[in-house]
Amino acid sequence: MKIDSLLTQTQKLLRRHNLRARKGLGQHFLVDEGVLETIIATAQLTTDDVVVEVGPGLGVLTRELAKHAERVVAIEIDDKLAAILRDSLKEIRNVTIINQDVLKIDPPALLKELKAESPDKYGMPYDNRHYKLVANLPYYITSPVLRHFLETTAKPELMVVMVQKEVAEEIAAKPGRMSLLSIGIQLYGAPEIVARVPAESFYPAPAVDSSVLKVTPYSHPPVEISDREGFFELARAGFSAARKQLANSLANGLGVSKEETLALLAKAEIDPQRRAETLSLEEWARLWRVYQGKG
Ligand code: SAM
C-alpha cells in the first residue's frame, strides 16, 4: 500500500474547503496510489479512449484518467465537490465535469452531446464508438449504476469499478452461488475480480473491504432475452424462497400449482429439487423459453 502522500493531500483538501466526507453519498476517497495504478492498468486506456467516470470526488482518479485517455467526462452529484473539481482541474483540458446524479444521465444522449460539441475533432461519431466506464463507485448505488450502463443501448466497451468486496463476489458468482444480482449483470457482460482492496486504502476508511471489478459487456449476449421484465419476474419467483427447492419457490412465487411447476421444470430438463442459486444463465433462459411456451 502506498497511501501516505495521497492521504495527506486528501485531508488537506477537505480542510482547506472546510468539507467533511458525506457518508450518505458514499464518499470514501481513494488514497492508495497502488490501487490507482491497478485501476488505470485494468482499463487499458489509449489516447483514443473516452472515459465516463462516476463520482470523481476530489479528482484523484480523474487526473490519472485524463493523462491516459483522450477525454474524461466525470459525473458528480455533490455540488461543492463539482465546484472544487471544476476549479482544480481547469488546467486539464480533456476533462468535463457534469454536476448531476449519474442515474439521471441518459448514456445515448450524453454521447450524442459529446459528438455535437466537437464534430470536427473526431472522425467517428461518439455515439458509434465505444467509451469506458471507470469509477470508484458510491456503494449505495452500485447495482443501479451498473444496470444503468449495461441495460442502455449505449453500453461501455469496458467497465472497471471499485465495489464492496462481497458485492464483487456476488456479481462474479458461478452456478451454486448465483443470485438475482449475478444474473442481472452476467446477462450483459463477463465479470472478473481484479484485485482486493483493504478498507485503509480509502479516507475515511469504510467498514468493509473492496474489490476492483472488471466487467466486459458482450456485443452479442450469451443468452437472448427479449422480454427482460418477464424474465426477471420468473427469476425473482425462483429466488423468492431462499434455499427452497425450485418446485416450491416457483410455485409460490408464480402463484401456480405444484403440478404445473413440476411439468414446467420437466420440460426444461431441470431437476425440481435443485435450488435457484444452482442454475446457470443458460438454464434460466431455457426455463424462461418453456415458461413462455417456446421451449
Ligand atoms: N472518485 C473519488 C475517489 O476515488 O477518491 C471518489 C469516490 S467516492 C467512493 C464516490 C463519489 O461518488 C463521491 O464523490 C460522491 O459524491 C459521488 N456520488 C454519490 N452518489 C452519486 C450519484 N448518484 N451520481 C454521481 N455521483 C455520485
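The values are calculated or read from the model by the stated rules, or taken from the named source; none is laboratory data. Here the structure is a predicted model, which means the values were calculated and not measured. Using ideal geometry, Cβ is built from the backbone for each residue, glycine included, and neighbour counts are taken over all protein chains shown. The area values use the complete protein model at the heavy-atom level, side chains included, leaving out ligands, DNA and RNA. Shrake-Rupley method; radii C 1.70, N 1.55, O 1.52, S 1.80 Å.
Taking Lys174 and the conditions (1) open to solvent by less than 10 Å² (accessible area, probe 1.4 Å); (2) closer than 23 Å to His220 by Cβ, which numbered condition does it fall short on, given that it satisfies the others?
Condition (1) is where Lys174 drops out.
Among the residues of the stretch 194-220, what is the count of those that are open to solvent by less than 20 Å² (accessible area, probe 1.4 Å) and among the β-branched types (Val, Ile, Thr)?
Selection size over the stretch 194-220: 3.
Among (1) surrounded by fewer than 19 Cβ atoms within 10 Å (Cβ to Cβ); (2) assigned to a loop (DSSP other than H, G, I, E, B), there is one condition Ile40 misses while meeting the rest; what is its number?
So the condition that Ile40 fails would be (2).
Looking only at the stretch 21-43, decide whether some residue is farther than 20 Å from Lys214 by Cβ and more than 12 Å from the ligand (Cβ to nearest atom).
Within the stretch 21-43, none of the residues are farther than 20 Å from Lys214 by Cβ and more than 12 Å from the ligand (Cβ to nearest atom).
Pick out the one residue from Ala199, Ala207, Ala242 that is within 27 Å of Glu269 (Cβ to Cβ) and over 18 Å from the mean Cα position of the chain (by Cα).
Going through Ala199, Ala207, Ala242 in turn, just one is within 27 Å of Glu269 (Cβ to Cβ) and over 18 Å from the mean Cα position of the chain (by Cα): Ala242.
Just checking, which of Val54, Val50 is within 20 Å of Leu103 (Cα to Cα), within 11 Å of the ligand (Cβ to nearest atom) and within 22 Å of the chain's Cα centre (by Cα)?
Every option except Val54 fails the conditions.
Do we have Ala237 as more than 18 Å from the chain's Cα centre (by Cα) and surrounded by fewer than 18 Cβ atoms within 10 Å (Cβ to Cβ) here?
Spelling it out, it is not the case that Ala237 is more than 18 Å from the chain's Cα centre (by Cα) and surrounded by fewer than 18 Cβ atoms within 10 Å (Cβ to Cβ).
Which of the residues spanning the stretch 73-96 are within 11 Å of the ligand (Cβ to nearest atom) and part of a strand (DSSP E or B)?
Ala74, Ile75, Glu76
Step by step: first the residues of the stretch 140-165, then only those that are over 10 Å from the mean Cα position of the chain (by Cα) and within 13 Å of the ligand (Cβ to nearest atom), then the one that is farthest from Val208 (Cα to Cα). Which residue is that?
Top of the filtered list is Tyr140.
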